[in-house]
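To start, the structure under review is shown below, and the notes come after it.
The values are calculated or read from the model by the stated rules, or taken from the named source; none is laboratory data. Keep in mind that this is a model prediction, so the values were computed, not measured. Don't worry about glycine lacking a Cβ; one is built from the backbone with ideal geometry, like all the others, and counts go over all protein chains shown.
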Amino acid sequence: MVHAELGQVLLDEASVRNRVRELGASIGEDHTGRDLLLIGVLKGAALFTADLARSIRLPLQMDWVSVSTYGRGSRAGQRRVLKHVEEDVVRGQHVLVVEDILDSGATLSWLLNELQHRGAASVASCVLLCKPNVTGHLVRPAYVGFETSAHWVAGYGIDYAEQWRNRSDINEVLLPALADV
Ligand code: IMP
Ligand code: MG
């Protein structure tokens, strides 16, 4: 088992909770009278999606996708869908993909394209954290929780080596190679 230590708390539990409520309120206002389908990206966005859904006062639908990435770096890596959403669930819906982190945007841009091809009325995205990226972002999310630094982070659904997803706050990860120095 890999053990990485957590560094400083970047976003405490109350900050995360308050921001998720604000996002939920905005999404609710923007989607009044529309068929809204939230699609959470497993596993990183599971906690965020569950909390966000409860902050949106609309009779929305929820579903999940799971995507694995191979190869070095998510941009160059090939993607494989481990769990997709059925076409008849997506068709005609206003789809909001809920993702944990936007870095290059490669994962999200690929996924939004996939869902558009499945007949969604519209596709947009909501990311909890947006990292700075030197080459810019391939996607412009409609909703962003926080603009963050490029630090590797964990907590609130986000893992380091599959650990720390269960924390309620978001923390800097001290990568083992750096922690050993
Ligand atoms: P992108 O495809 O380059 O936008 O990378 C975004 C994906 O990389 C997200 O779905 C995350 O799963 C993963 N990722 C990026 N930064 C972190 C991090 O700090 N902790 C955990 N996962 C991350
Ligand atoms: Mg991910």
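General remarks:
- For residue 48, the conditions (1) in a helix (DSSP H, G or I); (2) away from ligand 1 (no atom under 16 Å from the Cβ); (3) more than 20 Å from residue 120 (Cα to Cα); (4) of a type outside the set (Ser, Thr, Tyr) are fulfilled apart from (2).
So that you can scan it fast, the table gives a plain yes or no per residue for (1) within 11 Å of ligand 1 (Cβ to nearest atom); (2) modelled with pLDDT of 95 or more; (3) more than 26 Å from residue 135 (Cβ to Cβ); (4) buried (at least 22 other Cβ atoms within 10 Å of the Cβ):
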{"position": "17", "(1), (2), (3), (4)": "no, yes, yes, no"}
{"position": "42", "(1), (2), (3), (4)": "yes, yes, yes, no"}
{"position": "68", "(1), (2), (3), (4)": "yes, no, no, no"}
{"position": "87", "(1), (2), (3), (4)": "no, no, yes, no"}
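- When the range 103-143 is filtered for residues that are part of a loop (DSSP other than H, G, I, E, B), within 16 Å of ligand 2 (Cβ to nearest atom), of a type in the set (Gly, Ala, Ser) and at negative phi, only 104 remains.
- Subset of the range 125-139 that is modelled with pLDDT of 90 or more and among the aliphatic types (A, V, I, L, M) - its residue that is nearest to residue 150 (Cα to Cα): 129
- Among all residues of the range 70-80, there is at least one that is within 16 Å of ligand 2 (Cβ to nearest atom), part of a strand (DSSP E or B) and without any contact (Cβ under 8 Å) to a residue 40 or more places away in the chain.
- Residues satisfying the stated conditions in the range 132-166, i.e. closer than 26 Å to residue 25 by Cβ and surrounded by 18 or more Cβ atoms within 10 Å (Cβ to Cβ): 137, 139, 141, 143, 145, 148, 153, 155, 156, 157, 158
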